[in-house]
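Asker: To start, I am sharing the structure in question, which I have written as structure tokens.
The values are calculated or read from the model by the stated rules, or taken from the named source; none is laboratory data. Given the structure is predicted, the values throughout are model-derived calculations rather than measurements. Neighbour counts run over all protein chains shown; Cβ positions are idealised from the backbone, glycine included. We work out accessible area using only protein heavy atoms, side chains counted, and drop any ligands, DNA or RNA first. Shrake-Rupley method; radii C 1.70, N 1.55, O 1.52, S 1.80 Å.
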Amino acid sequence: MIPKELINKIREIQIYTSRAVDASFAGQYESVFKGRGMQFDEVREYTPGDDIRTIDWNVTARTGRPYIKRFVEEREMTVMFAVDLSASGDFGTVNKMKNELAAEFCAVLAFAAAKNNDKVGLLIFTDRIELYIPPKKGTRHVLRLIRELLYFKMPRRKTDIPQALDYLARVMRKKATLFLVSDFIETDFKKPLSLLNKRHDVIAVSVRDRAEIALPGAGLIEFADAETGEIILVDTSSRGFRNQYSNTSAERFDELRDMLRSVSVDCISISTDKPYIQDLVRFFHMRRRRY
């Protein structure tokens, strides 16, 4: 039995994301993600003005009259969400937890895909593969994915991004658009990411909280590492410590972006303390200018 509060949360996300898709980037999703290219549609008799490069010489030789191959754009595509739900995602100091933000972000794009009649799939991972749902079409399927993201019982586990990428490389045979959603505490995954991106269109989604970017001056605070359980006491009233913390955070994020750029993987950065729709819209505009 699904708890009533979870049903209400799913309904709330469905309403919010449906409005966001319609109001903010209706049509942009389709223009940015083009599918897998062109597919064969039919053979028809040549008419003056047709491109002679499309002549089907086998049929022409067999019939004695010129025929051409007709192609149409293959619009249908597959969208896969690979979501890191390790213990570090159970953190948030502003509006919501990072894992809740990840679920909402995936919901927005999943509903956009459903409206475009695309297939959508889900991989939930920690330091092991927790759940894999093969891509399918339809709003009911999207609602199931959202339910799984929200209902997932977060274990105290670490993150293994290379394992998740290797798994996707094995199960995803056809070209897909893959959203890798994580806080990227782990950064040593360049090689498997590069290999996966050669076959698919991989997009990294960095999920962060404001307190992971800069600490407030709030005196002595106990910090617990969600993945290891280690507890440390920090004096946040020290300006020197806060500056060092902010600089280290900025350096780590710059290193992540540089690594992603080196393997031609785009990155969307979202945070629990601000709306993410405009980040998505900017990403769509950037992609459309490029292609």
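Asker: Please specify each residue of segment 149-166 satisfying the condition of being modelled with pLDDT of 90 or more and surrounded by fewer than 18 Cβ atoms within 10 Å (Cβ to Cβ).
Answerer: Correct list: Pro162, Gln163, Asp166.
Asker: Inspect segment 101-117 for any residue being open to solvent by 40 Å² or more (accessible area, probe 1.4 Å) and at pLDDT below 90 and give the result as yes or no.
Answerer: yes
Asker: In addition: For segment 118-144, name all the residues that are outside any loop (DSSP other than H, G, I, E, B), open to solvent by 10 Å² or more (accessible area, probe 1.4 Å) and closer than 23 Å to Asn8 by Cβ.
Answerer: Those that are outside any loop (DSSP other than H, G, I, E, B), open to solvent by 10 Å² or more (accessible area, probe 1.4 Å) and closer than 23 Å to Asn8 by Cβ: Leu131, Thr139, Arg140, His141, Leu143, Arg144.
Asker: Ok, one more. So Gly219 fits all but one of (1) over 18 Å from Leu85 (Cα atoms); (2) open to solvent by less than 30 Å² (accessible area, probe 1.4 Å); (3) modelled with pLDDT of 95 or more; what number is the exception?
Answerer: Condition (3) is where Gly219 drops out.
Asker: Mind counting the residues in segment 28-82 that are modelled with pLDDT under 85, surrounded by 10 or more Cβ atoms within 10 Å (Cβ to Cβ) and part of a loop (DSSP other than H, G, I, E, B)?
Answerer: Going through segment 28-82 one residue at a time, the tally reaches 8.
Asker: Looking at segment 172-202, which of the residues that are open to solvent by less than 50 Å² (accessible area, probe 1.4 Å) and assigned to a helix (DSSP H, G or I) is nearest to Met97 (Cα to Cα)?
Answerer: Leu193
Asker: So, one more: Would you pick out the residues in segment 232-267 that are within 22 Å of the chain's Cα centre (by Cα) and part of a strand (DSSP E or B)?
Answerer: Matches in segment 232-267: Asp266, Cys267.
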